[in-house]
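This report refers to the structure that appears directly beneath it.
Just so it is clear, none of the values below were taken in a lab; they were calculated from the coordinates. Please read all numbers here as calculations on a predicted model, not as lab measurements. Neighbour counts run over all protein chains shown; Cβ positions are idealised from the backbone, glycine included.
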Amino acid sequence: MIERPSARLILLDPQDRLFLFKVHNPAVYDPADPFLDPFWVMIGGLVDPGEEYAQAAVREAREETGLIVGNVRWVWSRQRVMQWRERRVLHRERFFLGRSASTAIDTSGLDEREKSWTIDHRWWKPDELAQSTERFEPIDLAVRLQALLRDGPPKEPIVLP
């Protein structure tokens, strides 16, 4: 099985709204199964060889949104096996909290495959996440984000199921 180190960014604006992409994977998309696909996901992607996870999260933000984010903090981690680009992959994910003063998004840095998978993007208020019937990754994102905003970043990263 292939291992994929991945960095995700919990990107918040000055109003504590979370930026997410709505994506679908054509390899597994089944219109009859709305719980599988599409879904909303945070900025992120593969950690390049020799790159730190935090550096990857900041780089992915710049590539995917055009936003410059600094001073990120590791708050969650997760390992899971999933289908990724037609392969079973062990994802080793770290989630970082970061903020941006700007909300102007530029997706021109997405590669062609990413563009073909991306359906939409937007800033979400925490209560909008909680009230939505859409699918999010992680599945309990609304509850986790509300706890993060209420309690602040944990002293040690929380391991997600």
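Please identify the trypsin sites (Lys or Arg not before Pro) of the range 48-129 that satisfy two criteria: DSSP loop assignment and at most 14 other Cβ atoms within 10 Å. Which are they?
For trypsin sites (Lys or Arg not before Pro) across the range 48-129 that sit outside H, G, I, E and B with at most 14 neighbouring Cβ atoms in 10 Å, the list reads Arg85.
What is the antiparallel percent of DSSP beta bridges lying wholly in the range 63-161, to the nearest 5?
DSSP beta bridges in the range 63-161 are roughly 85 percent antiparallel.
What relative contact order, as a whole-number percentage, does the range 2-159 give when Cα pairs under 8 Å and 6 or more residues apart are counted?
32
Give me the distance between the Cα centres of the range 117-161 and the range 33-93, rounded to whole Å.
Value for the Cα centre distance between the two parts: 14 Å.
Going by how many other beta carbons lie within 10 Å of each one, how would you line up Ile158, Ile10, Ile119, fewest first?
Ile119, Ile158, Ile10
By a straight-distance test (C-alpha under 30 Å), which lysines pair with Lys22 as possible cross-link partners, with residues fewer than eight away in the same chain excluded?
Lys115, Lys125
Say the dipole of the chain comes from +1 at the beta carbon of Lys and Arg and -1 at that of Asp and Glu; which of Ala61, Met42, Leu145 then lies farthest toward its positive end?
Leu145
By its C-alpha gyration tensor, with a ≥ b ≥ c as the square roots of the eigenvalues, how is the chain shaped: rounded for a/c under 1.5, else prolate for a/b larger than b/c, else oblate?
Here the chain falls in the rounded category.
What net charge is computed for the residues neighbouring Phe39, neighbours being all others with C-beta under 10 Å from the C-beta of Phe39, Lys and Arg scored +1, Asp and Glu -1?
-1
Show me, for the range 90-105, the HN-Hα J-couplings you get by feeding each phi into the Karplus relation (A = 6.51, B = -1.76, C = 1.60, θ = phi - 60°), rounded to Hz, glycine and proline as x.
With the stated coefficients, the range 90-105 comes to 8, 8, 10, 9, 10, 10, 10, 8, x, 10, 9, 6, 9, 10, 7, 9 Hz.
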